[in-house]
């Protein structure tokens, strides 16, 4: 028992000693200190004063629309928990466990009382309805859950992919390390051009476990950058960004939870960028672009969004 307590203490002390920052955990402080865009789709001013703190999740809203204090606070606390885990001496073996914990906090807060409403017109829901901290593979089939995503690309999104030589055809090859083409759960494309419909099933059964392993392996490669000096990363962050893009891509195509996936995985990206003294990326439409393009194309798109947030690297070649 004493040995266990000592070990826990040493891990906690290690994380604190190596932390570069932690997010504030009150919604007012998050906004006042400019952290809100770590958790939103667009770079904009927001207002927090809503009738109830659970009422409006603002990740997709326009300028000066209400944002749920619960949403911001949950994401900040969950990101801090992920960051403490990231800083542990060897965190890479229990990635599924930490994202379950992170997801539960993202949905309902650390004390389980801070739900919020997502008014997405295609799939409105309260955050406590998506089985906080439970993988889709663990939800009984009889219960309603997320099984597929269906969307169309806007002309500007389509153009971003075409810019890198990719024109969606009938399906989307992924090329995720550790998953063969025959094992991929690809998006099926109905139609052609910007108005085409992308139907992306979520992996289940044995495919779920394949994507889980691929995601854990990709995060292990991100964790390896902890051994790098921050000044070294800041001089040339291309390899870190490539590893982050591969990790995010694998996670989004895995889609482990019935909801609140993108918020969770973009929080991981931005937490790690901040750890290395780099500016965070707004969420924008990276999830849709990850579902509608191969990994090597998405890495270029990811880099573009990173450079938009960190323009000092515009002269570096695209990874």
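The values are calculated or read from the model by the stated rules, or taken from the named source; none is laboratory data. What you see is a predicted model, and the numbers here were worked out from it, not measured in a lab. Here the Cβ is made from the backbone with ideal geometry for all residues, glycine too, and neighbour counts use every protein chain on show.
Please indicate, with yes or no, whether at least one residue in region 163-170 is in a helix (DSSP H, G or I), closer than 24 Å to residue 318 by Cβ and out of contact with any strand residue (DSSP E or B) (no Cβ under 9 Å at 6 or more places or on another chain).
yes
Just one of (1) surrounded by 18 or more Cβ atoms within 10 Å (Cβ to Cβ); (2) closer than 18 Å to residue 251 by Cα trips up residue 166, so point out which.
It fails just one condition, (2).
Would you confirm, using the coordinates I've provided, whether residue 309 is more than 15 Å from the chain's Cα centre (by Cα), free of Cβ contacts under 8 Å to residues at least 40 places away in the same chain and either within 27 Å of residue 70 (Cα to Cα) or not assigned by TED's automatic domain parsing to the domain that holds residue 218 (or both)?
Against the criterion (more than 15 Å from the chain's Cα centre (by Cα), free of Cβ contacts under 8 Å to residues at least 40 places away in the same chain and either within 27 Å of residue 70 (Cα to Cα) or not assigned by TED's automatic domain parsing to the domain that holds residue 218 (or both)), residue 309 qualifies.
Which condition does residue 210 not pass, out of (1) over 28 Å from residue 130 (Cα atoms); (2) crowded, with 18+ Cβ neighbours inside 10 Å, if it passes all the others?
Only one criterion is unmet by residue 210, namely (1).
Report yes if residue 263 is modelled with pLDDT under 95, touching a helix residue (DSSP H, G or I) at 6+ places or on another chain (Cβ under 8 Å) and buried (at least 23 other Cβ atoms within 10 Å of the Cβ), otherwise no.
yes
I'd like to verify a number: residues in region 286-303 that are farther than 25 Å from residue 231 by Cα and either assigned by TED's automatic domain parsing to the domain that holds residue 75 or part of a helix (DSSP H, G or I) (or both), how many?
10
Just need a number here: residues in region 101-130 that are part of a loop (DSSP other than H, G, I, E, B) and either touching a helix residue (DSSP H, G or I) at 6+ places or on another chain (Cβ under 8 Å) or free of Cβ contacts under 8 Å to residues at least 40 places away in the same chain (or both).
Of the residues in that region, 12 qualify.
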